[in-house]
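Trainee: Could you have a look at this structure, given as structure tokens, before my questions?
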Amino acid sequence: MAERDYEALVVADPANLYYLTGYNAWSFYTPQVLVVPLQGVPHLFARAMDAQGAHYTAALGPHHIHGYPEALVHRPDAHPMEWVTKEAIDVGVLPSGPGVRVAAELDSHFFSARGYLALRDGLGGAEIVDSAELVNWVRLVKSPAEQECLRYAGQIAEHVMLTALGAIEPGRRQCDIVADIQHAQTA
């Protein structure tokens, strides 16, 4: 982020939320973002009912998870990102004003045009730029431990596929084939 002169990053892609925090929920049908400041701890902003349980999967403390009011959901005259932007500024993770540069996942399927407009309007003249898939590029680089996990997963997948191919034969019951496959996955 520092190399690109970003003072904050607004992450909306559920896969990137998961990668950065472990947050894993089927809640992306409403606006949710992780605001990552250049310095400090990221904060997750989600619908109030989703924020209530976010601490079960997100590796964030309760003071770093914020729920916007249910009254903001599916309203033509207001957008949750208005509240999110104000709250993120108030807690100090989202700088605002002229001369500030904030990156956002502008090409994410989960960051709407209305969300962008609310963010832009709430940042007081800050420049919003596309993150250019920054988190995706970080995810691409694998540590030796991650590489070993990927190799092991590949070995398991190969074993499962070979088991499946060997188990399928005319007249064999489907439940027995599936049992062989499931055993290969977990043995």
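The values are calculated or read from the model by the stated rules, or taken from the named source; none is laboratory data. In this text, all values refer to a predicted model and were calculated from it rather than measured experimentally. Cβ atoms come from the backbone with ideal geometry, glycine included; neighbour counts cover every protein chain shown.
Trainee: If you take the residues in the stretch 26-47 that are part of a strand (DSSP E or B) and more than 13 Å from the chain's Cα centre (by Cα), which one is farthest from V135 (Cα to Cα)?
Mentor: Within the stretch 26-47, the match that is farthest from V135 (Cα to Cα) is R47.
Trainee: Among E87, E82, which is the only one that is in the same structural domain as Y19 (by TED's automatic domain parsing), in contact with a Leu (Cβ under 8 Å, 6 or more places away or on another chain) and at negative phi? Working first, answer last.
Mentor: Numbers: E87 fails: in contact with a Leu (Cβ under 8 Å, 6 or more places away or on another chain).
Only one candidate qualifies: E82.
Quick grid of which residues meet (1) touching a residue at least 24 places away in the same chain (Cβ under 8 Å); (2) of a type in the set (A, V, I, L, M); (3) over 21 Å from V102 (Cβ atoms); (4) buried (at least 18 other Cβ atoms within 10 Å of the Cβ):
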{"site": "D5", "(1), (2), (3), (4)": "yes, no, no, no"}
{"site": "W26", "(1), (2), (3), (4)": "no, no, yes, no"}
{"site": "L34", "(1), (2), (3), (4)": "yes, yes, no, yes"}
{"site": "L38", "(1), (2), (3), (4)": "yes, yes, no, no"}
{"site": "M49", "(1), (2), (3), (4)": "no, yes, yes, no"}
{"site": "A58", "(1), (2), (3), (4)": "yes, yes, yes, yes"}
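Trainee: Can you tell me which residue is nearest to D107 (Cα to Cα) among those in the stretch 119-155 that are without any contact (Cβ under 8 Å) to a residue 60 or more places away in the chain and among the basic types (K, R)?
Mentor: Among residues in the stretch 119-155 that are without any contact (Cβ under 8 Å) to a residue 60 or more places away in the chain and among the basic types (K, R), the one nearest to D107 (Cα to Cα) is R120.
Trainee: Restricting the stretch 63-86 to residues that are surrounded by fewer than 18 Cβ atoms within 10 Å (Cβ to Cβ) and in a helix (DSSP H, G or I), which is nearest to the chain's Cα centre (by Cα)?
Mentor: H63
Trainee: Which number in (1) over 13 Å from Q32 (Cβ atoms); (2) of a type outside the set (D, E); (3) part of a loop (DSSP other than H, G, I, E, B) marks the one condition that F111 misses?
Mentor: Result: F111 fails condition (1) only.
Trainee: Across the stretch 60-72, what is the number of residues that are closer than 18 Å to A15 by Cα and in contact (Cβ under 8 Å) with a residue 24 or more places away in the chain? Reasoning before the result, please.
Mentor: Residues of the stretch 60-72 closer than 18 Å to A15 by Cα: 60, 65.
Imposing the further condition that a residue be in contact (Cβ under 8 Å) with a residue 24 or more places away in the chain reduces the set to 60.
Adding up the residues that qualify gives 1.
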